[in-house]
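Before any comments, here is the structure.
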Amino acid sequence: MTAVLEASSLGKRYGRRWALSDCTLSIPEGKVVGLVGPNGAGKTTLLHLGVGLLAPTSGSIEVLGGRPADGPAQLGRVGFVAQDAPTYAGLTVDKHLRLGAYLNPSWDDQVAHHRIEELGLDPSQRAGSLSGGQRAQLALTLAIAKRPELLLLDEPVASLDPLARREFLQTLMEVVAEQGVSVVLSSHLVADLERTCDYLIVLVASRVQLSGEIGGLLASHHRLSGPRRDPGSLPATQEVIEESHTERQTTLLVRTDDAILDPTWTVKPVTLEDLVLAYMGRARDTQPPRRSGLKVLR
Amino acid sequence: MIRSTWMQFRAQTVVATGGLLVVAVVLAITGPHLVHLYDANVSNCVARDDCSTATSSFLQNDHALQVGLNVLAVVLPGIIGILWGAPLVARELETGTYRLAWTQSVTRTRWLAVKLGVVGVASLVVAGLFSLMVTWWFSPIDRVNMTVFTTFDQRNIVAVGYAAFAFALGATAGVFIRRTVPAIAATLVALVTIRLLDFFYVQPHLITPVRHSYSLALGTTISGYGGSNGAQASLFPGTPSLPNAWILSTDIVDKAGHSLTASVVNDLCPQLATVLGGPGPGAPQIQGGHVAAIGPAPAGANQVLQACVSKVGATYHELVSYQPPGHYWPLQWAELALYLGVALALAGTCAWWVRHRLS
Amino acid sequence: MIEFQLDSTSGVATYLQLVQQVHQALQLGLLEPGDQLPTAQQVVGKLAINPNTVLKAYRDLEREGLARARPGQGTFIVGTLPRTNPVAQARFLASMAKWLGSARSAGLGPDDIEAIYRTAFRNCFAEGVA
């Protein structure tokens, strides 16, 4: 599988603080990738490095086989919508489109105007008076009309109301269907990712905790509950991601590619949210107490 | 990229053009009248022998406009630096739109170069046109005043250099500070400081000044006798009449170049102190060759002073250092080159910083 | 044309929900051979789901022989599903009732029985998921 974004021991330091350190990951082509993680995990820094707004302090990053922002051609291949969808408050919607046309040789004016029309935006309205959702849509339109191969979206829907969020994701998905563009979108709203993404990367403190096709991840994780027992007694093929115990009962989230045959377990499928929370929780405990004894919850 | 910069910059261009037009209209209305008055009353005053009356009444014309234009000429570069320079990059960094601008298919170095170029050239054009109009309007007045160097900063080509410098300074402050209002404040402080330092320490010496010796004479090279704040009384050097020259220093020195001291004066002319009451607070001041003592001047003071000047003048002379009228244009060019050079260096700094430190 | 709906609380994968809705429509006679399915873009524009999900569902339907993609035109229904057979349904209902009765008389409560059913169901269809 070709990678659209490949980072190796990537690090970025501001003064003495590392915003991202020793990050190694690979994002496959042709996917809609959800990049999730708690605040401060380095998501924004990673995306800014990917689009070349930042330069790495250490390590390396390759995007579509090139160095980010290494010349106009490379810049043209990557579309970016920054957090809070910055636009020029004093310029009208129409002028933003002209700005996009002037600044991008690959600009598709038809796509741009078609989108604006479909969204019902008034071309003569100033961006400063647009709603958050409309501004996000305008920023997305600017990013897709330059016909990129890769779209990087930094928390595109975090600040939007549910309806605007839905509309934004509809637009995004239509673009994916039409243009076949690869997408990486960071978010901490797992519900949005469940429908739109087909690939998930959980990033906690610069480290990839989990990465893979969402379908495969959901199929290979199970929630087991049953009489209390030591997780150490599980088959070697079952990796315990999360465990909790009461005096009598044990609940586990395990990863395995095999069927779970033990009849004492009640097995339930996991949701994407369960999965993300479990991996984020595991990463937070700096020394994971996996298989090291029972943690008793009352 | 140039078109996009123009598009974003259009509102400011309109305002600037409007401002220039207003100035142009006002000057076009009042200017020819000034020329007419000059031709009618001043140019032939020598023949009528009433030049001092003619010139002083001529200089009273449009007085408020004269002051206003001169002030505007001084502050215009500052306005350009504040309104066009400082926000140029700072506003993008402050509002986050740099994340939009720098992710289009234009490298940020080019983005900055074009922005600096387009808005910078606009600054030069505005300052240049304004200076052209002001210089034309003031030409009869400047001809009468005969002090071209007092308005050196407000006429001709140096204005272009100041505008370029102020613009680049503002842009650089914006790039470093990343916030518009603090960048504006920093631009103002830096601009005023640098211009003052330049005026006192650099500008006078951009071209080596002329030095000339004059023999001492009361009323011209010696303006009087006196002392202040308890200092011992001595002879004051006078300012020789050099039309359109910029006099940098006047000093009374002997052949070896030593300055005249109060003790030398008192040794040579001991009766001066007696006649004029001696040094100290409330000591008489002598200006323009006349004794201006507290209370009525003692009779014969002028003769005593005259004698003293002759005696001192045997070994001492006045050394005047100045920029003659012929240095006006070389100095304009030198000053312009200096400021354009610094502006280019600042633009380079901006580019380097944006490329390497804002990433 | 069929219009898809999503139940985000069901826990059933999105693409499977789409497949099941086509199945049901075929069983109920709402879809017949020759009918066109909505394009991926149309589905995506309405449901805000990943287009690959729609394509995956359609691929599954193609594998089952129920649909076929015609290049440049879209995906069309080509197969049929037997309308639900009432006789077979009645037969299995009867045997299930009998099994439930024996489980109850063995002392199992409703929750136990449900857990057993779930496990058996899962094991039976396990291959289809992974």
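The values are calculated or read from the model by the stated rules, or taken from the named source; none is laboratory data. Values in this document were obtained by computation on a predicted structure and should not be read as measured data. Neighbour counts run over all protein chains shown; Cβ positions are idealised from the backbone, glycine included. To get the accessible areas, we keep the full protein, side chains included, count just its heavy atoms, and leave off ligands, DNA and RNA. Shrake-Rupley method; radii C 1.70, N 1.55, O 1.52, S 1.80 Å.
When a/c is below 1.5 the answer is rounded, else prolate if a/b is larger than b/c, else oblate, so apply that to the range C:86-125 with a ≥ b ≥ c taken from the square roots of the Cα gyration tensor eigenvalues.
Oblate is the answer for the range C:86-125, as a/c is 1.5 or above yet b/c matches or exceeds a/b.
Go through the range A:188-264 and name the GluC sites (Glu not before Pro) that are in a DSSP coil and have 10 or fewer other Cβ atoms within 10 Å of their Cβ.
A:E247
As I understand it, the value is the acute angle between the Cα axis of helix B:301-313 and the longest principal axis of the Cα atoms of chain B; what does it come to in degrees, rounded to 10?
70 degrees
Given Cα pairs under 8 Å that are at least 6 residues apart, what percent is the relative contact order of chain C?
Details: 108 pairs, mean separation 28.5, N = 130.
Taking the mean separation of contacting Cα pairs over the length of chain C, I get 22 percent.
Counting only other chains, and only Cβ atoms inside 10 Å, what mean value do you get across the residues of A:164-173?
4
With θ set to phi - 60° and the Karplus curve 6.51 cos²θ - 1.76 cosθ + 1.60, what are the ³J(HN,Hα) couplings of the range B:354-359 in order, to the nearest whole Hz, using x for Gly and Pro?
Once rounded to whole Hz, the list reads 5, 6, 10, 9, 9, 9.
Give the long-range amide H neighbours of A:V208: residues separated by 5 or more places, or on another chain, with amide H under 5 Å away, using H modelled in the peptide plane at 1.01 Å from N.
Under 5 Å from the amide H of A:V208: A:T24.
Could you work out the relative contact order of the range A:144-298, using alpha carbon pairs under 8 angstrom and six or more residues apart, expressed as a whole percent?
21 percent
Stretched out fully, how many nm does the piece from A:D109 to A:S225 gain, at 0.36 nm a residue minus the Cα gap?
Details: separation 116, 0.36 × 116 = 41.76 nm, distance 5.60 nm.
Extra length available between A:D109 and A:S225 comes to 36.2 nm.
Computed FRET efficiency, Cβ-Cβ of B:C51 and B:Q271, R0 51 Å: what is it to the nearest 0.05?
Result of the calculation: an efficiency of 0.80.
Between A:D274, A:D161, A:D108, where does the largest GNM mean-square fluctuation fall for chain A, given springs only between Cα atoms within less than 10 Å?
A:D161
Between the range B:86-157 and the range A:240-260, what's the alpha-carbon centroid distance in Å?
Centre-to-centre (Cα) distance: 70 Å.
Separation between the C:Q41 and C:S95 pseudo-spin-labels, each 7 Å from Cα along Cα→Cβ, expressed in nm?
4.9 nm
With θ taken as phi - 60° and the coefficients 6.51, -1.76 and 1.60, list the Karplus ³J(HN,Hα) couplings across the range A:119-124 in order, rounded to whole Hz; mark glycine and proline as x.
Coupling constants for the range A:119-124: 6, x, 7, 7, x, 8 Hz.
Mind listing the long-range amide H neighbours of B:S234? Cut-off is under 5 Å, sequence gap 5 or more, other chains count too, H placed in the peptide plane at 1.01 Å from N.
For B:S234, whose amide H was placed from the backbone, the distant partners under 5 Å are B:G226, B:G227.
Please give the residues of the range A:237-279, grouped as numeric ranges, whose backbone N is less than 13 Å from a label point set 7 Å along the Cα-to-Cβ vector of C:A103.
none
What's the tally of Lys pairs in the protein assembly as shown whose alpha-carbon atoms lie under 23 angstrom apart, where the two lysines are 8 or more places apart or on different chains?
So the count works out to 11.
Using a 4.7 Å cut-off between beta carbons, which cysteines in chain B end up with no partner cysteine at all?
B:C350
Modelled label-to-label distance, C:S10 and B:T261, 7 Å Cα→beta-carbon offset: nm?
Reported label-point gap for C:S10 and B:T261 is 10.9 nm.
Averaged across the residues of A:175-187, what count of C-beta atoms belonging to other chains lies within 10 Å of each residue's C-beta?
Taking all residues of A:175-187 together, the mean is 2.
In whole angstrom, note down how far apart the Cα centers of the range A:78-107 and the range C:13-68 are.
If we compute the Cα centre of each part, the gap is 36 Å.
Kindly state, to the nearest 0.05, the FRET efficiency for C:E64 paired with B:A190, given R0 = 56 Å and r defined as their beta-carbon distance.
0.15
Of all accessible surface on the range A:65-183 at a 1.4 Å probe, what whole percent is carbon and sulfur?
46 percent
Test of understanding: in a Gaussian network model of chain B with alpha carbons linked when under 10 Å, which of B:L268, B:L83, B:L340 would top the mean-square fluctuation ranking?
B:L268
So what J values fall out for the range B:196-207 if you push phi through Karplus, 6.51 cos²θ - 1.76 cosθ + 1.60 with θ = phi - 60°, rounded to Hz, Gly and Pro as x?
So the J values, rounded to whole Hz, are 5, 4, 4, 4, 8, 10, 10, 3, x, 10, 4, 10.
For chain B, find the longest principal axis of its Cα atoms and tell me its angle to the long axis of helix B:158-177, 0 to 90°, nearest 10.
Taking Cα atoms only, the helix is inclined about 60 degrees.
Anything losing 10 Å² or more of accessible area from the isolated chain to the full protein assembly: pick those residues out of the range A:40-64, probe 1.4 Å, ligands and DNA/RNA ignored.
Residues passing the criterion (a loss of at least 10 Å², heavy atoms only) are A:H48, A:V51, A:G52, A:L53, A:L54, A:A55.
Name the most mobile residue of C:T119, C:T14, C:T53, meaning the one with the largest mean-square fluctuation, in a Gaussian network model of chain C with Cα contacts below 10 Å.
Residue with maximal mean-square fluctuation among C:T119, C:T14, C:T53: C:T119.
Using amide H atoms built in the peptide plane, which far-off residues or other-chain residues are under 5 Å from A:S21 H to H?
A:K12
Please name the residues of the range A:101-116 whose accessible area, counted over protein heavy atoms with a 1.4 angstrom probe, falls by no less than 10 Å² between the chain alone and the full protein assembly.
Residues losing area: A:Y102, A:L103, A:N104, A:P105.
Quick one: compute the contact order of chain B, relative version, from alpha carbon pairs under 8 angstrom and 6+ residues apart, as a percent.
On the way: 496 pairs, mean separation 74.6, N = 359.
Contact order relative to length: 21 percent.
Hey, rough spin-label estimate for C:T84 and A:T266, points 7 angstrom out along Cα→Cβ, what's it come to in nanometres?
In this crude spin-label approximation the distance works out to 2.8 nm.
What percentage of the solvent-accessible surface of the range C:14-77, computed with a 1.4 Å probe over protein heavy atoms, is contributed by carbon and sulfur atoms?
Reported share for carbon and sulfur atoms: 47 percent.
How much length would be gained if the chain were fully extended between B:Q66 and B:W353, taking 0.36 nm per residue of separation minus their Cα-Cα distance, in nm to one decimal?
The span from B:Q66 to B:W353 would gain 99.1 nm if fully extended.
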